[in-house]
1. By how many degrees, between 0 and 90 and to the nearest 10, does the Cα long axis of helix 422-431 differ from the longest principal axis of the chain?
2. Give the cross-link partners of Lys93 among the lysines, using a straight C-alpha distance below 19 Å as the criterion and excluding same-chain residues fewer than 8 apart.
3. In debye to the nearest 20, how big a dipole does region 328-437 give about its Cα centre with +1 on each Lys and Arg Cβ and -1 on each Asp and Glu Cβ?
4. For a Förster distance of 30 Å, can you work out the FRET efficiency between the beta-carbons of Asp376 and Arg100, rounded to the nearest 0.05?
5. Ordered by residue, what ³J(HN,Hα) values in Hz, to whole numbers, does region 322-339 give under the Karplus form 6.51 cos²θ - 1.76 cosθ + 1.60, where θ = phi - 60° and Gly and Pro are x?
6. Which of Ala402, Val381, Phe366 sits farthest toward the positive end of the charge dipole of region 337-405, with +1 on the Cβ of Lys and Arg and -1 on the Cβ of Asp and Glu?
7. Could you compute the longest span of the chain free of trypsin sites (Lys or Arg not before Pro) located in DSSP loops and having at most 16 other Cβ atoms within 10 Å, not counting the site residues?
8. Tell me which of Tyr134, Thr178, Pro15 sits at the most positive position along the dipole axis of the chain, charges placed on C-beta atoms (Lys, Arg +1; Asp, Glu -1).
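Computed from the coordinates by the stated procedures, all read-outs in this text should not be read as laboratory data. Keep in mind it's a predicted model, so treat the numbers as computed, not measured. No Cβ is skipped: glycine too gets one built from the backbone with ideal geometry, and neighbour counts run over all protein chains shown.
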Amino acid sequence: MKRVFHYIGGEFRPPSAGNYLEDLDPATGEVIAEVADGDATDIDAAVAAASRAFPSWRRTPAEERSSLLMRLADLIEENFEELAALESLDSGKPIALARRLDVPRAVRNFRFFATAILHAETKCHPMDDRALNYTLRQPVGVAGLISPWNLPLYLLTWKVAPAVAAGNCCVAKPSELTPLTANRLAELAREAGFPPGVINVVQGRGAGAGRALTAHPDVPLISFTGGTRTGADVMALAGPLFKKVSLELGGKNPNIVFADADLEEAVATSISSSFSNQGEICLCGSRIFVERTIYDDFLARFLDRAKKLEVGDPQDPSTEVGALISEAHLRKVSGYVALAREEGGEVLCGGKRPTSLPERLRGGWFLEPTVVTGLDCSRRVMQEEIFGPVVTVTPFDTPDEAVAFANSSRYGLSASVWTRDLGKAHRVAAAIECGTVWVNTWLLRDLRVPFGGMKESGVGREGGFESLDFFTEAKNVCIKL
Ligand code: NDP
């Protein structure tokens, strides 16, 4: 059985306490690896290695840091197929999606920040003829990076790349459910030539390694992506230690379709925004609001396509919907389907395990794409993040009502708006309480733009120079003339 170790100070090390967790294939339920279950001792060792590497890494010229990031991006590209296969195996996502989204984005993350640091500028504030102020941006130290299981390599590299590009050393803690691509990334970082201690990976559970990293006194910065409740725990631990904290949390994103939209495109993209990655993307549009005059037409077309989605073996290139991450998560998502019925909703399709799965997948955690109607915005199914292939569809009558429905959630991560009326698009985009609004599209990401959530979807922004700002301290130097 393959054993996944920590990567600390340039070496792969077994867990100090000798404990391992089982890593399961979501498509079959079978054990695929044993993963080091890190604890506070392992975190101490990783933070010590990162602290030792920091003085030299922070002084390494930007061009050298940039070249190492570029080399790592090239290595990810050279190992593209292996990484896509590992990601699909570990998370249950369709291999086609890992090829189209996860691995290319990991490459782009490193290239983007490798070049960004070569073009960084700083501000100067002259005080007439009295003084000159300039802002130095300096690395913070050891960055703690905690990432979830839904886009394991994509989100891990979204943190590692800006952290080390800016001159920090890092200790990453991937999800215990998806350790494989983080481990492979560590191997590739070593091959790329990163000095020992610049990038460290401690595997294990959130309650163990994750909390120990968050609470570590020598880690002044935490970048966390995960659930809102976990984010509150991270904030509670990090707050009294005055750490810099960035929280990218959950979403319950509205997808608003006006009557004047290109209906065919709105339906096709809404299928993606509802069911991509089995609905396990924080940006999925899980609440669809459709203008009443086209509601029946939209719903008929949407249902037709949802029923035709290929649910099956994640390793099969034609699969469109794979397996949910774990048995517990499948139970949670299925629980919301039952709750939708209890709350008076109607389940128009899905809600059960597909009947056509081959024998090999009988132990896997699959759920058909599920469409629910008939619930008002106050219902739990409309309020709580389900994070699975379950969407609600609700009619609305006016733009104001659509905005009110959109904003009736505690979350505020993203939204999509479908209309050909440019003025309406601007007005509605401005009125929705969230960090990203897509008009006539979904998941179109420019890495330069700010990314993050309002309300319970998070604190702070990352993306582009906002990431480099987060991973550095601003220091003003005032020179008297
Ligand atoms: P969790 O919050 O359960 O876990 C996220 C990470 O935190 C994992 O590495 C986890 O480890 C670790 N962790 C768990 N508990 C603690 C703790 N007390 N202290 C420190 N670390 C901890 O989220 P999921 O992995 O279930 O991911 C799904 C969630 O992530 C969804 O809510 C989704 O919306 C959100 N998400 C947000 C995104 C955004 O950009 N806003 C993007 C993608 C996902 P372990 O898994 O080993 O327990």
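1. 70
2. Lys307, Lys308, Lys332, Lys352
3. Details: 13 positive and 13 negative charges, 107 e Å.
The dipole magnitude comes to about 520 debye.
4. With a Förster radius of 30 Å, E is 0.25.
5. The phi angles translate into x, 9, 6, 5, 7, 5, 4, 5, 4, 4, 4, 5, 4, x, 5, 5, 5, 5 Hz.
6. Farthest along the dipole direction, towards plus: Phe366.
7. Details: sites that count: Lys2, Lys123, Arg130, Lys352, Arg362, Arg410, Arg420, Arg445, Arg448.
Answer from the scan: 131-351.
8. Tyr134
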